[in-house]
Amino acid sequence: MTCTCQTVEAVPVIRLCQDHHCYWYGDQRRTSISGVMKRVWPVKPSWDSQDTPDSVKRKVENARERGQQVDEMFSQWVVGNLKVLPPTINGAGRRDDAVERLSALMDWWNSRPFGEVNYVATQKIVHDDELAGTIDLVLNCGEYILDLKNTSSIETTHSLKLGAYADLHQRMHGRKVRVIGDIHVTKKRDEPVKVKFREYELSIALNEWQKVREFWSLVRRKTKAAQNAEIDMEPELETAWRREA
Ligand SMILES: [Zn+2]
């Protein structure tokens with residue numbers, strides 16, 4: 001991938017640098033929704049600590065890579081850009097377990113879990129003058145805001161992220177969101193892949209996200225160092241910038 005963090009003469013549209021998971025609007029940074037959570041949520045996920053054993057870190061990394069492949073393939077397929085199941089690792093490099101999950105997702109999708117769908121967008125970036133995020137799946141021009149999850153369990157804070165997406169999408173496009181939730185893909189050993197939809201109560205998610213955002217703003221107002229958006233950047237970028245500086 002190619003880093004798009006370079007800002008000289010950058011056009012004022014939203015973009016995501018995939019290498020560093022950084023959002024930019026022209027030459028201004030936008031903080032990611034996960035960046036907000038990382039900064040202000042006091043409890044870190046169980047797998048995200050210095051004491052996390054390497055075996056667990058490897059598992060998390062493995063699941064992350066698999067999830068990313070499923071995400072990429074499903075995002076292509078659902079908008080008609082991927083016609084057949086991709087070859088697995090021996091062919092074009094997709095993981096067998098990712099293709100297996102994709103196949104289950106296709107079956108599930110073909111059962112029309114959301115009824116009549118007249119518009120599908122994938123990997124849609126929403127933003128305002130401070131924050132940005134990428135929605136996996138938007139249906140019917142924003143009636144449905146959906147995230148695809150490939151981890152065995154979903155963090156309880158995940159509803160906040162959906163609340164953030166719904167809020168940004170509503171304000172950008174002026175259309176009421178009706179349903180938010182996760183498409184949860186799981187697989188237990190020796191069992192087939194399962195796909196379920198997990199809906200969150202929209203008004204609660206919006207309200208709770210608002211509180212998180214207000215607290216994040218308060219931290220930025222009160223803490224001089226935090227006023228610089230760069231402080232919210234992802235650790236990889238921080239490291240890269242330090243190295244380059
Ligand atoms: Zn970059």
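Here are the numbers for the structure shown:
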item: Efficiency of FRET from Cβ geometry, Q6 and S34, R₀ 35 Å, rounded to 0.05; result: 0.95
item: Cα→Cβ-extended label distance, 7 Å offset, between A121 and V84, nm; result: 3.2
item: Within a Gaussian network of the chain (alpha carbon springs, distance under 10 Å), most fluctuating of V60, V195, V43; result: V43
item: Beta bridge orientation in the chain: antiparallel %, DSSP, nearest 5; result: 75
item: Flagged links, alpha-carbon separation over 25 Å, of K59/K161; K59/K188; K83/K194; K161/K196; K57/K149; K124/K188; result: K124/K188
item: Within the chain, helix-based [θ] at 222 nm, where runs of 4 or more DSSP H residues each add -39,500 (n - 2.57), nearest 500; result: -13000 deg cm²/dmol
item: At most 15 other Cβ within 10 Å, DSSP loop - GluC sites (Glu not before Pro), segment 165-218; result: E201
item: Two-decimal Rg to Rh for segment 164-215 - Kirkwood Rh, Cα set; result: 1.16
item: Spacing of the two label points (7 Å from each Cα toward its C-beta) at E199 and V43, in nm; result: 2.7
item: Virtual paramagnetic centre 7 Å along Cα→Cβ of E214, amide N under 16 Å, in segment 160-181; result: 164
item: Sorted peptide list for 109-120, 76-87, criterion being average Cβ within 10 angstrom, highest first; result: 76-87, 109-120
item: Protection-proxy order for peptides 8-14, 145-151, each taking the mean of Cβ atoms within 10 Å per residue, highest first; result: 145-151, 8-14
item: Equivalent ellipsoid, segment 53-163 (semi-axes from 5 times Cα gyration tensor eigenvalues, Å); result: 24, 21, 13
item: Magnitude of the charge dipole, segment 70-212, Cβ model with Lys/Arg +1 and Asp/Glu -1, debye to 20; result: 280
item: Formal net charge of residues neighbouring L85 (Cβ-Cβ distance under 10 Å; K, R +1; D, E -1); result: +1
item: Rg/Rg_ref, segment 100-195, where Rg_ref = 2.2 N^0.38 Å and atoms are Cα; result: 1.14
item: Spatially proximal aspartates and glutamates relative to K176 (Cα-Cα < 15 Å; intrachain offsets below 8 disregarded); result: E143, D167, E201
item: Label-point gap, in nm, between T52 and D96 - each point 7 angstrom along Cα→Cβ; result: 2.7
item: Cα extents of the chain along the three principal axes, largest first (Å); result: 52, 43, 38
item: Local electrostatic count, T2, Cβ distance below 14 Å [Lys/Arg +1, Asp/Glu -1]; result: 0
item: Cα centroid of segment 26-43 to Cα centroid of segment 147-197, whole Å; result: 19
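Readers should treat all values here as calculations from the given coordinates under stated rules, not as data from a laboratory. This one's a predicted model, so the numbers in the text were calculated from it and none came from an experiment. Here the Cβ is made from the backbone with ideal geometry for all residues, glycine too, and neighbour counts use every protein chain on show.
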